[in-house]
Amino acid sequence: MRVPYAWLKDYVDITLSPEELAERLTMAGLEVDRVEYPWPGIVTAQIIWLERVKGSDHLSATRVTDGTNEYSVVCGASNIKLHDKVPLARLGARVGEIVIAEKMAMGVLSQGMLCSPRELGLSDDHTGIYILPKDTPLGIPLGKLLGDAVIDLDIKAHRGDLFCVVGVAREVAAFTGETLRLPETAVKEKGKAADKQMTLKVRDPDLCPRYTARVVRDVKIEPSPQWMADRLTAAGMRPINNVVDITNYVMLELGQPLHAFDYDKVTDHTIIVRRAAPGEQLTTLDDVTRTLTDEMLLITDPAGPTVIAGIFGGSRVEVSDDTTNILLEAAHFAPGNIRRTSQTLGLRTESSGRFEKNPDINLTAIAIDRAARLLTELAGGTVAPGQVDFYPEPVEEHEIDFAVSQVEWLTGMQVTPTEVEDVLRALGFGVAEGKEDASEVKLRITVPTRRHDVEESADIVEEVARIAGFDRIPGTIPSGPLPTPHHDLWYERADRLRDVLVGAGLTEIVSYPLTSRERMAHLLRGATSGEEQLLGAPVATPSPDPSPAGRGEVDIRKTERRQLAALAERLPAITLVNPASAEVEALRLTLMASLLETIAENNKHESAGLWFFELGRRYLPTAALRDGSGLPQERHTLGVGATGPMATAWTGEVRTADFFAIKGIAELLLATLKVAAYRFVPGAHPTFHPGRCAILEVGVPGTALANATEATKGTDGLSLPAARDNPVWVAAAVLGEVHPEVAERFDLTARTCLMELDLERLYLAVPEVVFSQAVLRYPAAQRDLAIVVDASVPAALVLDTIRAAGSDLLRSAVLFDVYTGKGIPEGKKNLAYALTYQSPERTLTDQEVERAHAEIVKALGEAFDAELRA
């Protein structure tokens, strides 16, 4: 949940910085994902050089510094001058719909963008660059200077009371000792009573134990005031109009979802809460007609359904620009029913998410009064006297007998009775003296109805400990014998790979193994039959380019969603019988989807390059699993994803994420593991760009393959060689550049590369024993070999032929140049290799070297019709 820092300060005085507050919240049990500021990637900078671009009547070439680095920036504004301090959007930053990238402007390199007030959303002024005050420090994020921080919290489901700004403010007030200020809810009422203007009938109280309504007349629909629109936007919601925005504002403020009906469109001004009839349909606000079941709850009127209760409104009674009278709803619905309905319809909203967390049933009357007050202030409405409130079985607060000594008994933390009382009262609990006991202090704790998670004394101890501070729990050294260490081969392997990849500048991520089949289907660009098997294989093997032929882009877009849905159904993934949501319905067949999602999410907040890796498992179905006699394969896998530039720590050299960068990571791993026999062969896979995809094959000794388990061999039929000493080429990884269509599905804007490596196959090629060789005493002979072959011939196959044809005298062969162009026939390419000949026994003669060299040339001519290039 996104909580704007300035909005939070309306309810509690805060002296902590946003970052300090985030740390305190996390230590109090409210996990903070991040603190965000507006304009990520835009920093303060100063113009240190300025001149007009030759040949242009308005462009200026500048050099700006952020205090650490200098940048060349071309600017078209006329109001800048030397030494001005300005907002600089660095490479990768997003300004509006533009992602800043390097470009040439009239022959001058531009490495960023200087921003105007309109581009920053500060005003409509686009006549010049926004000039910062002269005393502005350099290199600080502009959002910290001018913007409002947003604290992004990961609230767990059992704390439904924290899914609102006031709920978070109550926690802040408790651990800072400040006073909580609740929003004003007093309403001025006028006119005919509400229960005389509408009728409420709740036919299924088991699914709707409370329904509260109010009537507000003579409202004026118009845009919300800027302060409200800004707060809604910062919290992640889109402003619509003052009435709808007020219902959303109160939901974010107090945690109670509300709904506004056009009073005059509600037939007979009658609200009926009932289960849907089987097959009943409702057209929702997104113009989708949805078919309902008899397990779903509806808000209806005599003319038919108007709202899917707690989830989404219908179009027939929605508030429009012509609306003048409002019927407000604040209800409490059965959380389990809302969750099942949301999953069945595949429809999750801010409202449904809160109802699933079981908000306080006693909050409806408070929230509806708050919304009514705001409607009078911001929409000029007149509130009818009284609420229409269906609440047949009021929920009461419950009490818990609590001994203060339990805090020390469970946590080791020493607290006084006064501390306990202060903490609990600050959190809104009632505290009174308990039963008399001469041996210890006992209290009678009244638990507010919003705290469904507090059921017993241990829960009270947790409340005291987290507000008083977990750091007060004393540390003790464990006693007794140490457990016998467990030897886990795969743990050790993963730890070694992790060291190598982190040393190469990559960052490790950990994602959930549960995902959705639709998300995995997004990796399969063509959405054609049979492609689903590519994600279920140990490593995807080359397949034809699945791009449809003879079809226009419009036709492809028109059918893509239907094809992807069908493809998702065919994916051979292991699905859960009762998933928590459609987003976590299946065990993953690949790590690539989670890598792309992580890159896309982090790309919203980071302007630098993102180079990630994940060591995890894929879960592949087996015949034994299907017949109920076994389990799935859990294949140890490495996934690597990279986008954008990354600077080398020692040299400062900048690497760009492309095919060769991801190939270099693979070669680094192979070198670390001493895998000598490997090759990259061209591949085609719907996830990757045609011509920028390769399969990594490793040479596995026949003996290793013979000893491998069937699970390690996989499902694509690895067979033993005739002679077990001969190696078998095994596909171990697929790598390349992500296809633009796949990138678009994952909202990726920059070039992104992926690699998925089957570690179980890779380790078949890792030698068990590594032998060292003495440095040869005799000099080596160097020869260069330049040949012309067909452009389609892989350089790796040529290298294999050189090594096979070379005698024992050939020590190494390295490709150092690939050339096409002038002097090379069309359809051909020139490959140049550096060959090293050396004997461990003697100095080689020219004749010996030439004979070995001639054998290699002969073999290349026979294998590839290769010609020597003069």
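Observations, loosely collected:
- Look at where the Cα atoms of the stretch 583-646 and of the stretch 67-101 average out, and the two centres are 37 Å apart.
- Ligands, DNA and RNA excluded, the heavy atoms of Ile240 present near 90 Å² of accessible surface to a 1.4 Å solvent probe.
- Anisotropy class of the stretch 295-367 from Cα gyration tensor, a/c 1.5 cut: oblate
- Sequence of Ser78, Ser17, Ser839 from largest to smallest accessible area, 1.4 Å probe: Ser78, Ser17, Ser839
- Qualifying aspartates and glutamates (Cα of each under 16 Å from Cα of Lys435; at least 8 residues distant if same chain): Glu399, Asp401, Glu421
- Gyration tensor (alpha-carbon) shape descriptor, the stretch 387-537, a/c threshold 1.5: oblate
- Calculated mean projected area of the Cα convex hull in nm² (choose from (i) 50.6; (ii) 48.3; (iii) 42.0), label: (i)
- Kirkwood-Stokes translational diffusion coefficient of the stretch 245-371, alpha-carbon pairs, 37 °C, 0.692 mPa s, µm²/s: 223
- Computed with a 1.4 Å probe over protein heavy atoms only, the accessible surface of the chain comes to 49 Å² per residue.
- Each 5 Å bin from zero holds the following percent of Cα-Cα pairs in the stretch 351-400: 4, 15, 19, 21, 18, 13, 7, 2, 1, 0.
- DSSP loop chymotrypsin sites (Phe, Trp or Tyr not before Pro) with at most 12 other Cβ within 10 Å: longest gap in the chain: 1-649
- Coil-residue GluC sites (Glu not before Pro) of the stretch 359-438, DSSP, other Cβ within 10 Å capped at 12: Glu396, Glu436
- Positive-end ranking of Leu810, Thr199, Thr382 along the dipole of the chain, with charges on Cβ about the Cα centre, is headed by Leu810.
- Value at 222 nm in deg cm²/dmol, rounded to 500, when DSSP H runs of n ≥ 4 in the chain each add -39,500 (n - 2.57): -8000 deg cm²/dmol
- For the stretch 833-870 versus the stretch 130-174, the spacing of their alpha-carbon centroids is 68 Å.
- Each Cα pair under 8 Å and six or more residues apart adds its sequence gap; the mean of these over the residue count of the chain is a relative contact order of 8 percent.
- Share of carbon and sulfur in the accessible heavy-atom surface of the chain [1.4 Å probe, %]: 51
- For Lys134, neighbours were defined as the other residues whose beta-carbon sits under 10 Å from its Cβ, and their charges (Lys and Arg +1, Asp and Glu -1) total -1.
- Helix 335-345 vs. the chain, principal-axis angle (Cα, 0 to 90°, nearest 10): 50
- For the chain, the dipole from Cβ point charges (+1 on Lys and Arg, -1 on Asp and Glu) about the Cα centre works out to 1940 debye, to the nearest 20.
- Whether the stretch 221-282 is rounded, prolate or oblate, judged on the alpha carbon gyration tensor where a/c under 1.5 counts as rounded: prolate
- Accessible area, probe 1.4 Å, largest first, for residues Asp499, Asp360, Asp245: Asp499, Asp360, Asp245
- Whichever lysines have a C-alpha closer than 20 Å to that of Lys604, once near sequence neighbours (fewer than 8 apart) are set aside: Lys144
- DSSP bridge orientation in the chain - percent antiparallel, rounded to nearest 5: 95
- The stretch 382-398 and the stretch 282-359 have Cα centres lying 21 Å from one another.
- Across Lys156/Lys220; Lys663/Lys829; Lys829/Lys858; Lys674/Lys828; Lys192/Lys220, pairs whose alpha-carbon gap is larger than 29 Å: Lys156/Lys220; Lys674/Lys828
- Shown here: the stretch 213-320, whose C-alpha atoms stretch 44, 29, 25 Å along the first, second and third principal axes, sorted largest to smallest.
- Hydrodynamic analysis of the stretch 5-133 uses the Kirkwood radius over alpha carbon pairs. Inserted into Stokes-Einstein at 25 °C and 0.890 mPa s, it gives a translational diffusion coefficient of 147 µm²/s.
- The local environment of Tyr11, defined by Cβ-Cβ distances under 15 Å, has a net charge of -2 under the rule Lys, Arg +1 and Asp, Glu -1.
- The angle separating the long axis of helix 242-254 from the principal Cα axis of greatest extent in the chain is about 80 degrees.
The values are calculated or read from the model by the stated rules, or taken from the named source; none is laboratory data. Since the model is a prediction, treat every value here as computed from it, not as a measurement. We place every Cβ from the backbone using ideal geometry, glycine too, and count neighbours over all the protein chains shown. Side chains are part of the model used for accessible areas, which takes the heavy atoms of the whole protein and leaves out ligands, DNA and RNA. Shrake-Rupley method; radii C 1.70, N 1.55, O 1.52, S 1.80 Å.
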